[in-house]
Amino acid sequence: MLPAVSRMAFGAFQRRAFSASARDLSKVAVLGAAGGIGQPLSLLLKLNPRVTELALYDIRGGPGHWLRGYPSGLASAVKGADVILIPAGVPRKPGMTRDDLFNTNASIVRDLAKACAESAPEANLLIIANPVNSTVPICAEVYKARGAYNPKRLFGVTTLDVVRASRFVSETKGTDPKDENITVSKHPELSSNAEIINRVQFGGDEVVKAKDGAGSATLSMAMAGARMAESVLRAAQGEKGVVEPTFVDSPLYKDQGVDFFASKVELGPNGVEKILPIGEVNAAEEKLIEACLADLKKNIAKGVSFVQANPGK
Ligand SMILES: NC(=O)c1ccc[n+]([C@@H]2O[C@H](COP(=O)([O-])OP(=O)(O)OC[C@H]3O[C@@H](n4cnc5c(N)ncnc54)[C@H](O)[C@@H]3O)[C@@H](O)[C@H]2O)c1
């Protein structure tokens, strides 16, 4: 028996606001909806008036356990979706890196991406399952193999890092985190404060350790995922100037062989509208980027070769 909160999350939600115009009707699907992230994420999406239909899918409770109203399972849950979020997969335990999740999560994400490419190729796909640096390239390969790849519609959700950065900086300044709009560079409190940089980089580890084997960040990730989905919907519904940091197919470091990168991205009705430059960085940040590029290149290659060697059914 599912707890009350998840029974509520697993109801078939279909809300049509009388005042909404046709283009404001949005279907959102969550794959992995019964999980630690999936449940609060689904509840937050349910509260969002932009979301007029919410499809929740999970295998927990037995293979093919899905939301009432989706009798043919995954395909019909994603069909017609404007946004699909994928938090399905196993979370870290203390001592594990995100890359340690690869063996389990790579095939889960590959199979879900396959269903999305076949039944909802036009949807914006928002990947939460870790390691995001590899799961996003996995999705790209799956879509490419079906001739359905649109780099403007594939996003790795990295919103949590800036949510954390805003919180940590606001704590030192005594401000409201919502007023601290932080990205990698050009933020004096962040650029010059090695302690905060380290805390943002290892904030996930702090949570994994505190939960002591019971999972990773769930409520904050749900909030970050709901914010990213809301931004994609706002832009899809015509709002201008919507900018979020996200991990996308990016030109920024392609000349160094790195095909995906996280930076500020302007969103539009077709997904990615414009990839914004990193901006000025100081010498210490330059070093961090260099170190990141070397690792990132390996993470991306690992995802790509996984799909090539294991295309699945
Ligand atoms: N992007 C980020 O910043 C970030 C932050 C925190 C966690 N995560 C990642 O999010 C993922 C989920 O974390 P969680 O704490 O919710 O884990 P969880 O174990 O609580 O939930 C995962 C859910 O996915 C479901 N699932 C597994 N395989 C599935 C499939 N094939 N189809 C549908 N559902 C499936 C499970 O049944 C479960 O309900 C993990 O990979 C974690 O590392 C990402």
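Tell me yes or no: at least one residue of the stretch 150-164 is buried (at least 24 other Cβ atoms within 10 Å of the Cβ), aromatic (Phe, Trp, Tyr) and at pLDDT 95 or above.
Scanning the stretch 150-164, I find at least one residue that is buried (at least 24 other Cβ atoms within 10 Å of the Cβ), aromatic (Phe, Trp, Tyr) and at pLDDT 95 or above, so the answer is yes.
Checking the conditions here, which among Asn48, Asn103 is more than 14 Å from the ligand (Cβ to nearest atom) and either modelled with pLDDT of 90 or more or within 16 Å of the chain's Cα centre (by Cα) (or both)?
Details: Asn103 fails: more than 14 Å from the ligand (Cβ to nearest atom).
Step by step, each of Asn48, Asn103 is checked, and only Asn48 is more than 14 Å from the ligand (Cβ to nearest atom) and either modelled with pLDDT of 90 or more or within 16 Å of the chain's Cα centre (by Cα) (or both).
Got a number for residues in the stretch 142-184 being more than 21 Å from Ala88 (Cα to Cα), within 17 Å of the chain's Cα centre (by Cα) and more than 16 Å from the ligand (Cβ to nearest atom)?
Result for the stretch 142-184: 3.
Step by step: first the residues of the stretch 23-37, then only those that are small (Gly, Ala, Ser) and buried (at least 20 other Cβ atoms within 10 Å of the Cβ), then the one that is farthest from Ile108 (Cα to Cα). Which residue is that?
In this case the residue turns out to be Ser26.
Conditions tested, residue by residue: (1) touching a Pro at 6+ places or on another chain (Cβ under 8 Å); (2) within 16 Å of the ligand (Cβ to nearest atom); (3) in the same structural domain as Ala140 (by TED's automatic domain parsing).
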| site | (1), (2), (3) |
| --- | --- |
| Val208 | yes, yes, no |
| Gly215 | yes, yes, no |
| Ala222 | yes, yes, no |
| Lys240 | no, no, no |
| Phe247 | no, yes, no |
| Asn270 | no, no, no |
| Lys287 | no, no, no |
| Asn299 | yes, yes, no |
| Ser305 | no, no, no |
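Quick check: anything in the stretch 62-73 modelled with pLDDT of 90 or more, within 12 Å of the ligand (Cβ to nearest atom) and under 22 Å from the mean Cα position of the chain (by Cα)?
So far as the stretch 62-73 goes, no, none of its residues is modelled with pLDDT of 90 or more, within 12 Å of the ligand (Cβ to nearest atom) and under 22 Å from the mean Cα position of the chain (by Cα).
Given Glu206, Glu180, which one is at pLDDT below 95, surrounded by fewer than 22 Cβ atoms within 10 Å (Cβ to Cβ) and either aliphatic (A, V, I, L, M) or over 30 Å from Asp82 (Cβ atoms) (or both)?
Glu206
Provide a single number: the residues in the stretch 81-100 that are more than 6 Å from the ligand (Cβ to nearest atom) and closer than 18 Å to Ala33 by Cα.
The total comes to 6.
Just give me the residues in the stretch 278-300 being closer than 19 Å to Asn133 by Cβ and small (Gly, Ala, Ser), in sequence order.
If the condition is that a residue be closer than 19 Å to Asn133 by Cβ and small (Gly, Ala, Ser), then Ala291, Ala294 are the ones that fit.
Could you say which residue among Ala145, Ala226, Ala235 is in contact with a Leu (Cβ under 6 Å, 6 or more places away or on another chain) and touching a residue at least 60 places away in the same chain (Cβ under 8 Å)? Break it down stepwise before answering.
On the way: Ala145 fails: in contact with a Leu (Cβ under 6 Å, 6 or more places away or on another chain); Ala235 fails: touching a residue at least 60 places away in the same chain (Cβ under 8 Å).
Unique residue meeting the criteria: Ala226.
Test Glu285 against the stated conditions and say whether it is surrounded by 13 or more Cβ atoms within 10 Å (Cβ to Cβ) and of a type in the set (Asp, Glu).
Here the answer is yes, as Glu285 does meet what is asked.
Select from the stretch 120-141 the residues that are in a loop (DSSP other than H, G, I, E, B), more than 9 Å from the ligand (Cβ to nearest atom) and buried (at least 22 other Cβ atoms within 10 Å of the Cβ) and list them in ascending order.
Hits for the stretch 120-141 are Ala120, Ala123.
Go through the stretch 247-275 and give me each residue that's under 22 Å from Ala291 (Cα atoms) and either modelled with pLDDT under 95 or among the small types (Gly, Ala, Ser) (or both).
Result: Ser250, Gly257, Ala262, Ser263, Lys264.
Of the residues that sit in the stretch 28-45 and are touching a Leu at 6+ places or on another chain (Cβ under 6 Å) and within 13 Å of the ligand (Cβ to nearest atom), which one is modelled with the lowest pLDDT?
Looking at the filtered set, the residue picked out is Ala33.
Kindly establish whether Asn105 is among the polar types (S, T, N, Q) and farther than 17 Å from Ile59 by Cβ.
Criteria not met by Asn105.
The values are calculated or read from the model by the stated rules, or taken from the named source; none is laboratory data. Quick caveat: nothing in here was measured; it's all calculated off a predicted structure. All Cβ positions, glycine included, derive from the backbone under ideal geometry; neighbour counts span all protein chains shown.
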